[in-house]
Each structure stands twice: as structure tokens, then as C-alpha cells.
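See structure below.
Quick note: the coordinates plus some simple rules give every number you see, no bench work behind them. Worth saying up front: this structure is predicted, and the values here are computed from it rather than measured. Every residue, glycine among them, receives a Cβ derived from its backbone with ideal geometry; neighbour counts consider all protein chains shown.
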2 protein chains.
Amino acid sequence: MDFSVPKGMRDFLPQEMREREEVIDSIRSTFRLYGYAPFDTPAVEKMETLQRKGGEEIEGQIFKIEGGLGLRFDLTVPLARVCGGKQFSLPFKRYAIAPVWRREEPQKGRFREFYQADIDVVGSASAECEAELLACANECLERLGFANAAIKINSRKVLDALCEKIGVGEEKKGALMRSLDKIGKLDGEEIRKEMERKGIGKQEIDGVFGFIEGAKGNEKALAKIREIGTKKALEAESELSAVLCACKDYGITPQIDLSLVRGLAYYTGTVFEIKLSEDMGSVAGGGRYDSLISLFGKRLPAVGISLGIERLIALLREKRKESKGAPYTKVFVACVNEKARDYARKAAGELRSRGICTEIDLMGRNLGRQMEYANSAGIAFAAVVGEKEKKEGKITLRDLKSGKEKMVSVEEAEEIIGKD
Amino acid sequence: MDFSVPKGMRDFLPQEMREREEVIDSIRSTFRLYGYAPFDTPAVEKMETLQRKGGEEIEGQIFKIEGGLGLRFDLTVPLARVCGGKQFSLPFKRYAIAPVWRREEPQKGRFREFYQADIDVVGSASAECEAELLACANECLERLGFANAAIKINSRKVLDALCEKIGVGEEKKGALMRSLDKIGKLDGEEIRKEMERKGIGKQEIDGVFGFIEGAKGNEKALAKIREIGTKKALEAESELSAVLCACKDYGITPQIDLSLVRGLAYYTGTVFEIKLSEDMGSVAGGGRYDSLISLFGKRLPAVGISLGIERLIALLREKRKESKGAPYTKVFVACVNEKARDYARKAAGELRSRGICTEIDLMGRNLGRQMEYANSAGIAFAAVVGEKEKKEGKITLRDLKSGKEKMVSVEEAEEIIGKD
């Protein structure tokens, strides 16, 4: 029989879990710092709910459960379901850090069960939201040690206005956007060819590339958008300007990138993504989706950003590859012989009551093998206890790196361990 | 179309989530304090893995996913799968706090998606493990404010030895145990009748009740077990004695309850449960399962305890029903007019950089409506900023409960807020 883990899914052993918990806890506290509140939904949704967003691509990826159910493929659709059916005091600012499931072909760094870390603002159409989301996401990265991230921003409205102007109809707009999304991954010539294959005329292609390529720098990009001249273009220009202006006060400087599309069909306004370097995929992305919630019964503007938590965990592991990662346990209480077992338990209890993560021998091992275990587990200190320690109510605290040891009270031990 | 949440599942709004996060964080840190390490497996397992444990009851409850997969129904089977296939340094002490899914009929307090909080020790047959697990579970309860929990303990070996002695064969043992499990829920007469219906003879029933009823107090219970006289009984007696002895050093006193069975088929030795009061179901339960991992390829003893986290959350909510629960956000930065918006963002940034959870207006509201929002959200302080504050680089900090306010620097504000 085959008892392996399902394809594209993973078991997380303690060391990996500590890294994951560290990243998740750090992001969670940053989300709270910006006033986002926790909000969770079940892993399982009705298929009707999951299919409501549409998009064949996504639908083929749903893990279907008998009885008309399925596993969620993102955290946004469940949020939209709840907001569509329930009355909230607005703005509703929520965070969720939770797994989602997609039946994709697994590849390096891509899994069928993976975590997303999302913040969303529901109920406000203001550019303040975009600025706050970007500031918060950027701070999440900084707190994890990733400074100087590049924030890119665009608006679906710009692309809509451009298509309208150069005469790309609704039926070809999707194909055009999917090709544009490849800028930076494929070279310009290949993308042009792909567009041609999709039946987009040479003139339109020139129009699109002419528009995108001449727009280096935010001022030039905004001018280019204004040049389109339609109502939608001017709307996009004013929204992007407002986001950039508010971002300044948060100390971040997004760059307009007119080729930025973002995959999701439901974006309606600003879209953004954050990269740590040009040659690496994005570590965060999102946008405004003012029509999604109306599919579930209520008209409410909304905007969100999702941090690519799996990639961040992998990058952090990369950065720290030399360190093995210390366990949570700080002290191993080792007992010299059977007569000291009772005292070993009591000493462990006292250390724990002081908030020190403590282990004790559960295997009935002799002292030598207990010390071997503590060393191999990477625990920083051993508290050796025998009859002498028992009599005096003390422990012999040994620093397992330096080998230095000293008989001390638990109180003194706390101080020594705390300094480590 | 029906966009409700699936039957028996729940959305968790912010206030509930804060309660859940508080309970989970508290339990998690207690688990770490006792040296348990985080270890997670996917929500999805192969059906072969889930079915390996056997038991028709459980199998009917699995949420089946197309492609031979299913949602896990507990956290123990996935642990056994991993331990059966991988080499760990022993003892392997793991914690997991995660959702499981069961397609049961939902009832009050019972859901189809619910969290379990488990600790397990794999690789040791020592009674030290049971004592540590019980001490840790008890401390989890104490830290949540539930003191004086009653810990009950028994051993499957006692029941096996008893059945052997009074002549209840393997084929009726299961039925007998399921009936015994109802002691405390049904009265003795009803349980006797149920046993009779199951074809257990009157003499055997008298034997069982005679054994159980005369055993009040640990000393008497241990004597009763010794009286059985078989090898298995003496083994059980010595194991239970060892657990009780080690527990003493941890300051807990489990009571032997010879009618304690626990539902799960895979227990092989000690079983235990913790109750907060006689008339309430258990809040924790577990036992030793020395044969489970061998189903997945390796002979390893193991023992674990699971905290009924959903019940604990409900009890805590009950206890605190008067309080609305404060949000994580401590300060709302309210701006007097549009000219102060830029400064409001900067002030929010400064407050956040000091670790103070801060919100800012995202709705373009006037001052009055901003204050209404802050009040209704239960935020403790408002930082009002207008042109005067902007000029002086200060904020007017208002205590929203007392209504007192004072213009202060952000540094001074930190001190005032910290004291609250």
C-alpha cells in the first residue's frame, strides 16, 4: 500500500515548522499593527460559491469533494461570500493567513496545498486603502529582513482605456492582457508574435508597445495615461496619482509599470505587485476588485493584497542556510541516576513556571545518552541533577556550547539562560 | 443560488477569531514550554492512509475528494503515517493545532470542521510520557483560567485482563467497552440492559460491575487490578502506579476510573481524560497507541493527548459574556480636515513603528463620523490631528472612555497608551 503524502503536498518537520511559524507570526503581528482584524472561513465551500467567480482555469484546479463541495482555491472568494451576505461596519479590514488548495501540476516551489497571507479592505473606494495595503505589505517584508523591495503599480482602467482607444475589442482584450503579462519573462519579439497568433493586428500591437515603452518613470507614465484622453484614462490617472501621493507619507515609492496586468480576472482598478529583485517572481500581489462582492449579493468596493508566504519562507531559508535553527527548548533536565528522577521532574516544573521551555528524559536513558540527545537536538543548556542537587534544591547548569557548568538555583539559572 | 457556508461549518468574525487566536496562542506556548515541537501534515490524505486505521464509524465520516483522497479526520493518523515512513531522533515530541473534518450530523457545539490541539510522544513506552502529557494539558487549562480540573485515568490492559478473567470473548469485548463508556451518561440499570441486549451474560455483567463499583480511590483501584492476578493485569497495575507516581512531582493527581474506556479503537494501554466538572463532557482526552504506527511500517510506541479546543473556546466565551472583547487596534488617527491627511498618515506610521496597533480613516469621513467609527469599534484611544498638531509635530490623544484629551508627542503618547 502507498502511504506517501498526496502529490504536491508536504509534511512539515519541526525545523521547517519553526521557520514557518516565525514568518507567519511576524506577518500576523504586522497585519495587526495596521489595524487589520482576523477573519476566517472554512477550508470547504459549496461548489456554487467557488464557481461564482468564473474562470475555467481556476475551475479545473478545484479539489472537488462529494456532495457538491470543494476546497477553497483562494481566500478572496470566501471573503466576498461573507461580505455579500452579512452586514459589517465599514471599512471591514481583515487579515487571513491560511492554506488554499489547487490541483495544479506541482513544480519547484509550487504546491497543491499552500498558505496565503492576505489583507483586504472592504467598503472603501478610496486610494488611501491601496497606500495602506502597500505600506503594510512592505513593512511585512522589511520585518522579515527584505529591504528595498520594488513596488509596481498599474490600473486595469489604463489597459481598458488603451484597448478602447487603439480598437482592441472585448473579445481580444483578455488575450492581449495575458500576453502583456509575459513582459519581463519573454522578450518583446516573442510577445509580439504571440499576439499576432492570437489575431491581434500589427497596428494595435504597435500601439500597445508604443504606449508601454515610452513610459519610464511615474511622471512620464502619468502623462502617457493622460494622453489617452478618455474619461476612463483620466479616472485611472487620478487614482494612481492619489495612491502615489499617499504612499509618499508612508515612505514608500511604487513605480508605475504599464505592462503590469496580474492574472486574476476579477480586478477592476489598481493592480500591484512587489518584487525583491528584477529576476525573481513577485512576493506579493493584489488589486482592487470592486465588482466581485456584487456576485454574492451586495455592491461593495474592495481591494486586497496577498503575500506569497511560501516563497518568503523559502527565501528566508536560503538566506540562513548555514544555521540549523535552534529548537524552542532552552534547557534539557538530565538526571544522573534513577534516584534523582523525582527531583528532575520538579526542577523541570520550576523552570517551566518561569517561562523557560524545558525538556526532560522520557526514555529512561543513562546520563551519557541523555546528554547526547540534548546536544544533537541543539538545546542550549543542560540542567544536570543528581542527589547533591536534590539535597540542595539546585541544578548544575551546563552551557552545552562552551561546556562550562555551575551549580545554581533555578532563579540564577533563569538569569543565565535569559542572557543567552 | 445558495451561497451559504457548508452545513456544520462556520465563518469566524473578528471578535470570535480574537478569542480563538488567544486560546490557540496560549495552548501553543504551553506546548512549547514542555518541549513539544511543531509538526504539520496536509489537510488532504490518501484514502488508503485514512482507512488504514479501520473502524467503519470513522470511515463513513470522511469527506472524500475525487482522485482517491480525503480530508483528515484527526491529527494522529497523519502523525502515524509520517513516523512509519521516516527516521526520527527519539523521542519525537510533537504538537499540532489544526483543523480536522468529519461528516457527522452537526449538533450544539459539534461541527464538521473543528480544531484539535494535540501533543504526542513517539518512541517511548515509559510512564514518564503519560505524566508529562497530563501535566502539560493541565497547565494549558490552568493558563486559560480553568483550575482544579479532574484527571481520570485507566488502562485498556485492565479491561482486557478483566474480560479474559470473567470470560468475555474478543467478539463481545468491543460491545462491552462501548456500553461501559456510557457510565456516567446512562444509569447503571440501563447499561446492564444494553449489555444484555448485546448478548453478554448476566454473570459477566455482574463481574464487570462488581469490579468497577468497588474501586473508589486510587489505592483500592490498584488493589482491585492486582486481584485479577493475570500478567496483563499486573502490567497495567505497575504502569498506572508509575504514571501516578510521576504525576505527583508535577503537582497533579489523576484518579483511576475503571469504567473509563475512550472511544478510539487504537488505544493499547493507558487512557485518560480531563473534565472541568462532573456534569460536563471532557475537555481533553487521549491514551497510548503502541500498535498504530506499525500499521504504517514501523514498530514504535506512542502516546498522545488532545485538547478539545472548540469546547474550551466556548467555555471561555461563556465566562466572559459581559465583555465585548477589545480589538487589537489601540489608536485611531482621526484627521480634522483634508489638509491634515498627509500628517495623519505620518503620525500613524510613527505610532506603528513603536509597535502600537493603529488605524486611520480610509473612508474620507469627516471628523465626527471618524470618531463614531472609532467608538463603535471599541478602540481605546483617538489621535486627533489637525493643522495645529501638524505644525507642532504632535497629536491630541483622547481617551475614548473618559473623554480626556491632551496634546502630546508620539513618544509621550506611547507611554500613556502603554499604561492603559
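Brief remarks follow.
- Rounded tilt (10° steps) of A:410-419 against the dominant C-alpha axis of chain A: 40 degrees
- With 10 Å bins from 0: P(r) over the protein assembly as shown, alpha-carbon pairs, percent: 2, 11, 19, 22, 19, 14, 8, 4, 1, 0
- Debye, to nearest 20: dipole size of segment B:14-319, +1 on Lys, Arg Cβ, -1 on Asp, Glu Cβ: 440 debye
- Shape category assigned to segment A:14-319 from the gyration tensor of Cα positions, a/c cut at 1.5: rounded
- Rg over Rh [alpha-carbon atoms, Kirkwood Rh] for segment A:175-315: 0.97
- Exam field: A:Lys165 pseudo-label spacings to other copies (7 Å along Cα-Cβ), nanometres: 9.3
- Copies compared at B:Gly418 - label distances in nm, ascending, label defined 7 Å from Cα in the Cβ direction: 1.7
- Global form of segment A:75-167, assessed from the alpha-carbon gyration tensor, a/c cut-off 1.5: rounded
- Helical mean residue ellipticity (222 nm; -39500 (n - 2.57) per DSSP H run of 4+; nearest 500) of chain B: -13000 deg cm²/dmol
- Toward the positive end of the charge dipole of segment A:14-319, with +1 on the Cβ of Lys and Arg and -1 on the Cβ of Asp and Glu, the farthest Cα among A:Leu315, A:Ile97, A:Leu300 is that of A:Leu300.
- Gyration tensor verdict on segment B:331-419 (Cα atoms; rounded if a/c is under 1.5, prolate if a/b is larger than b/c, oblate otherwise): rounded
- For the listed residue pairs A:Lys86/B:Lys275; A:Lys53/B:Lys346; A:Lys298/B:Lys330, the alpha carbons are over 32 angstrom apart in A:Lys86/B:Lys275; A:Lys53/B:Lys346.
- Other protein chain C-beta atoms within 10 Å of residue C-beta, averaged over B:121-128: 3.
- For segment B:65-71, putting each phi into the Karplus relation 6.51 cos²θ - 1.76 cosθ + 1.60 with θ = phi - 60° gives couplings of 10, 4, x, x, 10, x, 7 Hz, in residue order, rounded to whole numbers and with x for Gly and Pro.
- Annotation: amide H-H contacts under 5 Å for B:Leu300 (H modelled 1.01 Å from N, sequence separation of 5 or more, or interchain): B:Ile293, B:Ser294.
- Neighbour counts of C-beta atoms inside 10 Å place A:Ile58, B:Ile205, B:Ile360 in the sequence A:Ile58, B:Ile205, B:Ile360, starting with the fewest.
- Across the identical copies, how the B:Ala150 labels are spaced - nm, sorted shortest first, 7 Å along Cα→Cβ: 6.7
- Between helix A:170-180 and chain A: long-axis angle, C-alpha atoms, 0 to 90°, nearest 10: 50 degrees
- For peptide B:8-21, the mean count of partner chain Cβ atoms within 10 Å of a residue's Cβ comes to 5.
- Rounded to the nearest 20 debye, the dipole magnitude of the protein assembly as shown is 40 debye, with +1 charges on Lys and Arg beta carbons, -1 on Asp and Glu beta carbons, and the Cα centre as origin.
- Annotation for segment B:63-131: trypsin sites (Lys or Arg not before Pro) lying in DSSP loop with at most 10 further Cβ atoms inside 10 Å of their Cβ are B:Lys108.
- Inter-chain Cβ neighbour count for A:135-147, averaged per residue, equals 1 (cutoff 10 Å, partner chain atoms only).
- Residue among B:Gly207, B:Val331, B:Gly393 farthest towards the positive dipole end of chain B, charges placed on Cβ: B:Gly393
- Each residue of segment B:281-287 was assigned a 3J(HN,Hα) from its phi angle through the Karplus expression (A = 6.51, B = -1.76, C = 1.60, θ = phi - 60°), giving x, 7, 9, 7, x, x, x Hz with x at Gly and Pro.
- Note on chain A: with a GNM built from Cα contacts shorter than 10 Å, the maximum mean-square fluctuation among A:Ala96, A:Ala215, A:Ala302 falls on A:Ala215.
- Degrees separating the helix A:14-33 axis from the principal Cα axis of chain A, which is the longest one: 60 degrees
- A dipole drawn for segment A:236-296 from +1 and -1 charges on Cβ atoms has a positive end, and of A:Cys245, A:Ala284, A:Leu258 the residue lying farthest that way is A:Ala284.
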